[in-house]
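Okay, structure first, notes after.
The values are calculated or read from the model by the stated rules, or taken from the named source; none is laboratory data. On a predicted model such as this, the values are computed, not experimentally measured, just so you know. No Cβ is skipped: glycine too gets one built from the backbone with ideal geometry, and neighbour counts run over all protein chains shown.
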Amino acid sequence: MFDRNDVFHVRSDIQRIIGSKVRLETNKGRHKSVINKGIVSNVYPSIFTVQCDGPDASRKLSFSYTDVLTNTVEITLCD
């Protein structure tokens, strides 16, 4: 979904989806992954934040743009 050429492209792509509902699949290593759903809330120079849905509504996660570049985090837009 995202142009993974460099950090600047990833940041601009994520900036365009602020306020959108996303599904995040985070690779935790050794064939373990965690799936979260939430709304992209803020974009900062080095990281972006996602406000979680559901029972973890008060939980806010942060990820770096290099996580997206290295496929540690996969972002999918929800309908």
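Of the residues making up segment 8-25, at least one is of a type in the set (A, V, I, L, M) and in contact with a helix residue (DSSP H, G or I) (Cβ under 7 Å, 6 or more places away or on another chain). Of R23, R11, all but one fail to be under 16 Å from D79 (Cα atoms), modelled with pLDDT of 90 or more and surrounded by 13 or more Cβ atoms within 10 Å (Cβ to Cβ); the exception is R23. Scanning segment 41-79 for residues that are of a type in the set (D, E, K, R) and assigned to a helix (DSSP H, G or I), we see that the one that is nearest to the chain's Cα centre (by Cα) is D67.
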